[in-house]
Amino acid sequence: MLIGPLILVNLGRLIMGGFATKTIEVGLEERHARKRGRPLRDGPDRREDIIKASTLLFLKDGYTSTTLRRIARAADVNVALIHYYFTSKQGLYQEVLNSTLQATLATLKDLQQTPLSVDEIAKALTAPLFKHPTLVQTLTIVDSSQEAHEATAAVMRRLSLSLTACIKSLQKTGSIRRDLDPELFAQTCLDLCWAPFKTDQAGTMDNYNEPFAPCTSVLLTRHVEQNTLVLASAAAYRTSTPNGTEKRGTQMVPLSATSPKG
């Protein structure tokens, strides 16, 4: 009479034991899956390695042609780790743009507190382009991808707002003319400072992000300096003096030198 109950008890144990084993296995699988997308607890932070690899690829091949798998191979990580750090491809692209312009944005913020000159603004705007020649194409040419367009528009908005605030600070201290429209002059600064790099990249697109040749670097620097002088001249106060000269800021320039010939 006890055989029936014993069989039922043993059968229940087998079922519960199998269920528990299956639960443990599923739990281990989920834990391993989570580990694949996270860095090791005591392992190195690979965030900067991913940003460095993706910067080269995004600036060289553009957003659409650069896949997360290519970035993962270049950075020697798995795709899951990229998602862990940056959530998505667009998030990584946004981080790359912010990273390349981080020093520029920081400098412009400092200039708002202690405004110096238009020269300092020009240096801040051109510094990242000397380091990453193809960045100007990334920031000024509309990508076919909506995700890339949104990310680029966001970082350009930050740059424009920061630059405009810097121009206003210079106007308040009397460093530049107050009759200039801050937003329009900020755009003029971007156009003139980045124009030499646009011209250079248009003629050397096959070189992508390679360092400038010495000759090219010298010509590019001269072009930037010349455009900076144009900006400084446009922003300086101009007052005529009795001896036939025009005073621009602190420099005395003969009026004949600024008037059209003929």
Check your understanding: Looking at (1) basic (Lys, Arg); (2) over 19 Å from Thr188 (Cα atoms); (3) surrounded by 15 or more Cβ atoms within 10 Å (Cβ to Cβ), which is the only condition Lys123 fails?
Key -> (2)
Review point. What is the one condition in (1) closer than 21 Å to Ser99 by Cα; (2) modelled with pLDDT of 95 or more that Leu139 does not satisfy?
Key: (2)
Review point. Listed residues Leu59, Leu92; which is within 17 Å of the chain's Cα centre (by Cα) and modelled with pLDDT under 95?
Key: Leu59
Exercise for review: With respect to Leu81, determine if the residue is of a type in the set (A, V, I, L, M, F, W, C) and surrounded by 17 or more Cβ atoms within 10 Å (Cβ to Cβ).
Suggested key: yes
Review point. When only residues in segment 161-190 that are more than 17 Å from Leu105 (Cβ to Cβ) and of a type in the set (Ser, Thr, Tyr) count, which is surrounded by the fewest Cβ atoms within 10 Å (Cβ to Cβ)?
Key: Thr173
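The values are calculated or read from the model by the stated rules, or taken from the named source; none is laboratory data. None of these values were measured; they are calculated from a predicted model. Glycine also receives a Cβ, built like all others from the backbone with ideal geometry; neighbour counts cover every protein chain displayed.
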